[in-house]
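Enquirer: My questions all concern the structure below.
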Amino acid sequence: MTERGGSFRYRFRYHDGDSFQTELRDLGVSLPWSDDVSPLLNGVEVGAFRLPNRLAVHPMEGFDAVVTGAPGELSVRRYERYAAGGAGTIWFEATAVVADGRSNPHQMYLHRGTVSDFARLVDATRSAARNALGPDHMPLLVLQLTHSGRWSRPSDCRKPLIAFHNSTLDELVGIDSEYPLVTDDDLGCLQEDFVRATRLAADAGFDAVDIKACHGYLVSELLAAFTREGRYGGSFENRTRFLVETALRVRDEVPSILVASRLNAYDGLPYPYGFGVDRNDPAKPDLEEPRALLSELRENRLSLANISVGVPYSKPHLGRPFSWPVRGSSPSPEHPLLGVSRLLDIVATLQHGVKALPMVGTGYSWLRQFFPHVAAGAVAAENVTLAGVGRLAFAYPDFARDLFEHGTLNPAKCCLACSGCTELMRAGGPTGCIVRDRDFYRLPRRSRARKD
């Protein structure tokens, strides 16, 4: 760990697998490993689809939609690059189901007025995959549907929608203890919005929809609504009701599309404000409820789960192990490899606990060129079905293709975990990699790009 300008940084100093393994031993961390990366390159069945490989691009907001919520030019460019880059699953970024549910005025928003624009995005993505890799390469296209809840900012002003009060998170969005909670009736209407958006996603040509339930957004927050009264709070059945019922309705009313969910398995917030958290120690995950929820969702024909952790606005290191923090925020309280290990262990526990449900793992971007070896080891051990990357895909959209063609990743193209993309995101976008794609994405003058 080094210090420069008052900010701690965890350096990535590993030039070969031996030095990386030495660091793991020194930290007392065990990660899966395979010298053979072929497990990632083999196809796998998910629902009625045969995926061309086990590599996935996570949903990472670009905040570059036009005013109507339709994908903009940078949006199309991003997904064309992912498609040409060879990943077998492309998980499209968070897309609001109602106008007030956007976390940013330039977040994507799917409605009748934009469905034709989303259809063009799907066509452009499929064409890019076909042109680069041939007609047999058909990635699974998943659209993430969301309501941003307490993080909603559909215009220049915040418009939080909260399920319960949390003094720490309330303060972050500038509300007090008298701020009203979303009503049960409003949540019932919002289910209709998710179903309606699913129909439009099917019309646009997506293969699957993701009912977003991670990172403290509305559906995720409901999972931790221990202090809420009514149909959607208190008991496990009530707290999971919105997600389970919405998944059931989507399955029954739009049977042509697969149902998925990106789910927080561990919020890292103290009880009674966090899901998947030990009630006596918020630093410890308790996966009993997440496992039970995933099992119930699988019984109701959820086809794919994408597992994540943490609330980025509160403890970003949990879900995004980083070297540099966002400027003005705290450095990571732990070595990033400890965070990577936690993420992989959580996914492995859940995948072994609900074997019939394919799961996408996360936490790989900080590993740079060693990501395929760790991910292949996890797949070979049946700890996970698919390996996904978010920040690394921003930096290196053709990572899967390079792995196919060269058997390794190019260190000079990998993500540096510098938090530059997160800084752009917090500033409202457009968001991308300030290091590897600097002709399109630059920080404001007050910030500067990090170099390793």
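The values are calculated or read from the model by the stated rules, or taken from the named source; none is laboratory data. This one's a predicted model, so the numbers in the text were calculated from it and none came from an experiment. Cβ coordinates were reconstructed from backbone atoms using ideal geometry, including for glycine residues, and neighbour counts include every protein chain displayed. To get the accessible areas, we keep the full protein, side chains included, count just its heavy atoms, and leave off ligands, DNA and RNA. Shrake-Rupley method; radii C 1.70, N 1.55, O 1.52, S 1.80 Å.
Enquirer: In nm, to one decimal, how far is the Arg279 label point from the Asp36 one, both placed 7 Å along Cα→Cβ?
Expert: Inter-label distance under the simple model: 4.6 nm.
Enquirer: So, one more: Once phi is turned into θ = phi - 60°, what whole-Hz ³J(HN,Hα) does the Karplus curve with 6.51, -1.76 and 1.60 give for every residue of region 261-277, x standing for Gly and Pro?
Expert: My calculation for region 261-277 gives 8, 8, 10, 6, 8, 7, 7, x, 9, x, 4, x, 10, x, 8, x, 10 Hz in order.
Enquirer: What nm value, rounded to one decimal, do you get for the distance between Asp185 and Cys157 when each label is placed 7 Å out toward the C-beta?
Expert: 2.4
Enquirer: Have a look at His111, Ser323, Thr246 and report the one farthest towards the positive end of the charge dipole of the chain, computed about the Cα centre with Cβ charges (Lys/Arg +1, Asp/Glu -1).
Expert: Ser323
Enquirer: Right, next: Could you work out what % of the accessible surface of the chain is carbon and sulfur, using a 1.4 angstrom probe and leaving DNA, RNA and ligands out of the count? Mind dumping the intermediate values first?
Expert: Details: 8240 of 17520 Å².
It is 47 percent, rounded to a whole number.
Enquirer: For the pair Arg112/Asp176, report the inter-label distance in nm, with labels modelled 7 Å from Cα in the Cβ direction.
Expert: 4.2
Enquirer: For the chain, with the dipole built from +1 on Lys and Arg beta-carbon atoms and -1 on Asp and Glu ones, taken about the Cα centre, which of Leu416, Leu31, Val384 lies farthest toward the positive end?
Expert: Of the candidates, Leu416 comes out farthest on the positive side.
Enquirer: Setting aside same-chain residues fewer than 8 positions from Lys355, which lysines have a Cα under 24 Å from its Cα?
Expert: By straight Cα distance, Lys355 reaches Lys212, Lys284.
Enquirer: Rolling a 1.4 Å sphere over the protein heavy atoms, what is the accessible area per residue of the chain, to the nearest Å²?
Expert: Working: 17520 Å² over 452 residues.
That works out to 39 Å² per residue.
Enquirer: Hey, another quick one. For a distance above 38 Å, tell me the whole-number percent of Cα pairs in the chain that qualify.
Expert: The answer is 15 percent, as a whole percent.
Enquirer: Next up: May I ask what percent, to the nearest 5, of DSSP beta bridges between residues of the chain are antiparallel?
Expert: 20
Enquirer: Given Val277, Gly234, Ile257, which one lies farthest toward the positive end of the charge dipole of region 234-288, if we put +1 on the Cβ of every Lys and Arg and -1 on the Cβ of every Asp and Glu?
Expert: Ile257
Enquirer: Turning to a different aspect of this structure: Grab the alpha carbons of region 1-126, take their convex hull, and tell me the volume per residue in Å³. Let's see the in-between values first.
Expert: Working: hull volume 25.6 nm³, N = 126.
Given the Cα convex hull of region 1-126, per-residue volume reads 203 Å³.
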